[in-house]
Amino acid sequence: MSISYYKKLIVKSFAIASFFVFCTAYADNKTAPMAAPANYLFLQNASSGILKATKEHGTYQLVLQNVQPNVTYFSDRPNRITGSITLDTFLKEWQKKNGFKTDAPNVGIEGIKLHAFSRDQEVSVIMILSNPIYDKKSNSLTYTARALNTNESDIKDNIKLSNIALFIDNFGSCPSCCCG
């Protein structure tokens with residue numbers, strides 16, 4: 001076999017290898033469908049609190065006492081991310097441009113309504129939370145709560161609660177949650 005045959009074979013091999021490298025690079029650069037970004041839901045607990053009616057119909061002040069120092073989070077499927085963040089981090093995320101400050105969250109408020117002379121009863125209301133104010137010294141957290149429907153907007157008396165759990169809907173993103 002002549003040298004020119006080997007040169008042609010090397011050139012063809014190089015051309016074929018280049019073609020495969022080009023195809024692989026092209027395939028890698030194609031836009032693959034991106035996974036949906038995680039949406040984070042939050043669970044916040046306090047040992048006691050009060051839901052106080054304000055002068056504005058359907059608006060309340062929710063004051064939580066003995067707030068847990070961490071907020072639990074989890075993501076929707078398919079991401080299934082879980083963990084906890086400090087209350088301070090959670091409130092900082094709240095204030096960010098893409099946080100709850102510009103789009104107040106819905107919240108499920110669960111607790112036990114305390115009665116002085118009768119049996120305690122479970123309370124479950126859905127509201128919108130805004131304007132969190134945390135007082136570290138007294139370990140209290142105050143929110144403005146607005147009723148989502150007429151059942152909640154008819155609450156006239158202050159409701160004292162114990163064993164409170166807030167189920168807070170999602171941030172579209174929460175870098176401090178998963179990457180903090």
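Odds and ends about this structure:
- For the stretch 34-63, the tally of residues that are closer than 22 Å to residue 114 by Cβ and not hydrophobic (A, V, I, L, M, F, W, C) stands at 9.
- Top-ranked residue of the stretch 39-64 - restricted to ones that are hydrophobic (A, V, I, L, M, F, W, C) and more than 22 Å from the chain's Cα centre (by Cα), ranked as farthest from residue 90 (Cα to Cα): 53
- Picking from residues in the stretch 128-156 that are modelled with pLDDT under 90 and in contact with a Lys or Arg (Cβ under 9 Å, 6 or more places away or on another chain), the one that is nearest to residue 80 (Cα to Cα) is 152.
- So residue 98, is it over 20 Å from residue 66 (Cα atoms), modelled with pLDDT under 95 and touching a Phe, Trp or Tyr at 6+ places or on another chain (Cβ under 9 Å): yes
- First in the stretch 66-87 and more than 14 Å from residue 44 (Cβ to Cβ) and in contact (Cβ under 8 Å) with a residue 12 or more places away in the chain, second anywhere and among the small types (Gly, Ala, Ser) and buried (at least 17 other Cβ atoms within 10 Å of the Cβ), Cβ under 9 Å, 6 or more apart: 75/38; 76/38; 79/38; 81/38; 81/75
The values are calculated or read from the model by the stated rules, or taken from the named source; none is laboratory data. Only a predicted model underlies this, so the values are computations on that prediction, with no experimental measurement involved. No Cβ is skipped: glycine too gets one built from the backbone with ideal geometry, and neighbour counts run over all protein chains shown.
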